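Trainee: Sending over a structure as structure tokens; questions will come in a sec.
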Amino acid sequence: MPDTAELATEILRSRSEQRQIPLITTRPGGLSLDQAYRVSALIEDARTRQGERPLGRKIGFTNRTIWQEFNVSAPIVGTMYDSTVRPLGAPLDAGSLMEPRIEPEIAFQLAAPPRPGMTPAELIGCVSSICAGFEMVHSIYKDWRFSGADTVAAFGLHGAFLHGPMRDLPPAEQLDWIARLSTFRTTLCRNGTVADQGHATNVLGGGPLVALGHLVDLLAGMPDAVPLKAGDLVTTGTLTRALPVCPGEAWQACFDGLPLAAIEIELV
């Protein structure tokens, strides 16, 4: 059985030193998904003790169209921090991440903690505001080769979440948003040229609200997981492929069918 404390220390060191490490699941003893989440919890505790404040959760691999590409078969969960989440505006230093990729996503800020088994109408009632953003993912494993357990241990691949304006969600608009969140389309551009397109149904077959419900159910089955709370930010997974990025590029995303402004980020 792997020493989870030693793994957590190694992974944190890889982040601070910007150094990739060998896969964990292929080492003697391997790494199960349950063990990976224990490593993740130790990492969250260490980062919190170092002064970072958890702001919410990212859900990874909700886009089923990319499962085969990345050798995964289910969504994963990671923690986001006040050091990794900020509004769009300033350029992002691409060199601060290892083999970075970009993902256009929808995120929810919670007004109340959702419960397992909620309907879409009940879930949207737990949301205070919605935004679009770029999840910047990166890999401590070379060439993005890993299994699901490897990614859970490695911060859920989370590097940064850079978001557009938060749009308040009054009760009178909730039913309209339920419909929109299951039917909208996304276009992702690099330097003004279309790089990929996606549809809401890429996210677990039903859109971001389905991803939120999946997260709630997943956390309910993890006894040691910190539950969601009011004020948490939840990103719901990429709507397109996760595409590599380089310094000097400008990326744009628009969301046809949602009343959200297009977003843009420059990489340096």
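Trainee: If I ask for residues that are assigned to a helix (DSSP H, G or I) and either open to solvent by 50 Å² or more (accessible area, probe 1.4 Å) or closer than 28 Å to Gln18 by Cβ (or both), which ones from region 98-142 would you list?
Mentor: Pro120, Ala121, Glu122, Lys142
Trainee: So which of Thr201, Thr186, Thr151 ends up being touching an Asp or Glu at 6+ places or on another chain (Cβ under 8 Å) and either in a helix (DSSP H, G or I) or more than 29 Å from Ile11 (Cβ to Cβ) (or both)?
Mentor: Thr186
Trainee: While we're here: Residue under question is Arg15, and the condition is that it be under 17 Å from Ala153 (Cβ atoms), touching a helix residue (DSSP H, G or I) at 6+ places or on another chain (Cβ under 6 Å) and surrounded by 16 or more Cβ atoms within 10 Å (Cβ to Cβ); does it hold?
Mentor: On the way: under 17 Å from Ala153 (Cβ atoms): yes; touching a helix residue (DSSP H, G or I) at 6+ places or on another chain (Cβ under 6 Å): no; surrounded by 16 or more Cβ atoms within 10 Å (Cβ to Cβ): yes.
No: the conditions fail for Arg15.
Trainee: Give me the pairs: first residue in region 166-177 and within 26 Å of Leu88 (Cβ to Cβ) and touching a residue at least 24 places away in the same chain (Cβ under 8 Å), second residue of a type in the set (A, V, I, L, M, F, W, C) and exposed (fewer than 12 other Cβ atoms within 10 Å of the Cβ), beta-carbon distance under 9 Å, and six or more apart or on different chains, which are they?
Mentor: Gln174/Ala121
Trainee: Okay, moving on. Can you run down the residue pairs with Cβ atoms below 6 Å, 6 or more apart or on separate chains, where the first is in region 26-45 and open to solvent by less than 60 Å² (accessible area, probe 1.4 Å) and the partner is outside any helix (DSSP H, G or I) and β-branched (Val, Ile, Thr)?
Mentor: Matching pairs, first to second residue: Leu31/Ile24; Leu31/Thr25; Glu44/Thr79.
Trainee: Moving on. How many of the residues making up region 72-94 are in contact with a Gly (Cβ under 8 Å, 6 or more places away or on another chain) and assigned to a loop (DSSP other than H, G, I, E, B)?
Mentor: Summing the residues that are in contact with a Gly (Cβ under 8 Å, 6 or more places away or on another chain) and assigned to a loop (DSSP other than H, G, I, E, B) in region 72-94 gives 6.
Trainee: Still on this structure: Is it the case that some residue within region 224-232 is open to solvent by 70 Å² or more (accessible area, probe 1.4 Å), under 18 Å from the mean Cα position of the chain (by Cα), at pLDDT below 95 and among the hydrophobic types (A, V, I, L, M, F, W, C)?
Mentor: Yes, some residue in region 224-232 is open to solvent by 70 Å² or more (accessible area, probe 1.4 Å), under 18 Å from the mean Cα position of the chain (by Cα), at pLDDT below 95 and among the hydrophobic types (A, V, I, L, M, F, W, C).
Trainee: Here's something else I'd like to know. Which of the numbered conditions does Gln20 fail, given that it passes all the others? Conditions: (1) over 25 Å from Asp217 (Cα atoms); (2) open to solvent by less than 50 Å² (accessible area, probe 1.4 Å); (3) among the polar types (S, T, N, Q); (4) outside any helix (DSSP H, G or I).
Mentor: (2)
Trainee: Only one of (1) surrounded by fewer than 15 Cβ atoms within 10 Å (Cβ to Cβ); (2) on the phi < 0 side of the Ramachandran plot; (3) in contact with a strand residue (DSSP E or B) (Cβ under 9 Å, 6 or more places away or on another chain); (4) not charged (D, E, K, R) is not met by Pro171, so which one is it?
Mentor: The number of the failed condition is (3).
Trainee: Tell me which residues, restricted to region 154-164, are in a strand (DSSP E or B) and farther than 19 Å from Ala261 by Cα. Steps first, answer last, please.
Mentor: Here is the first cut: in region 154-164, the residues in a strand (DSSP E or B) are 158-163.
Answer for region 154-164, where residues must be in a strand (DSSP E or B) and farther than 19 Å from Ala261 by Cα: His158, Gly159, Ala160.
Let's see how each residue does on (1) modelled with pLDDT under 95; (2) closer than 14 Å to Glu105 by Cβ; (3) buried (at least 18 other Cβ atoms within 10 Å of the Cβ):
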residue: Asp176; (1), (2), (3): no, no, no
residue: Gly198; (1), (2), (3): no, yes, yes
residue: Met222; (1), (2), (3): yes, no, no
residue: Pro244; (1), (2), (3): no, no, no
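Trainee: Next question, about the same structure. Pull out all pairs, ordered by first then second residue, where Cβ-Cβ is under 7 Å, the residues are six or more apart or on different chains, the first lies in region 60-79 and is more than 20 Å from Val216 (Cβ to Cβ), and the second is polar (S, T, N, Q) and open to solvent by 10 Å² or more (accessible area, probe 1.4 Å).
Mentor: Thr65/Asn202; Trp67/Ser73; Asn71/Ser147
Trainee: Please find, among Pro259, Pro247, the residue that is assigned to a loop (DSSP other than H, G, I, E, B), touching a helix residue (DSSP H, G or I) at 6+ places or on another chain (Cβ under 6 Å) and not basic (Lys, Arg).
Mentor: On the way: Pro259 fails: touching a helix residue (DSSP H, G or I) at 6+ places or on another chain (Cβ under 6 Å).
Checking each option against the conditions leaves just Pro247.
The values are calculated or read from the model by the stated rules, or taken from the named source; none is laboratory data. Computed from a predicted structure; not experimentally measured. Cβ coordinates were reconstructed from backbone atoms using ideal geometry, including for glycine residues, and neighbour counts include every protein chain displayed. With ligands, DNA and RNA removed, areas are computed over all heavy atoms of the protein, side chains included. Shrake-Rupley method; radii C 1.70, N 1.55, O 1.52, S 1.80 Å.
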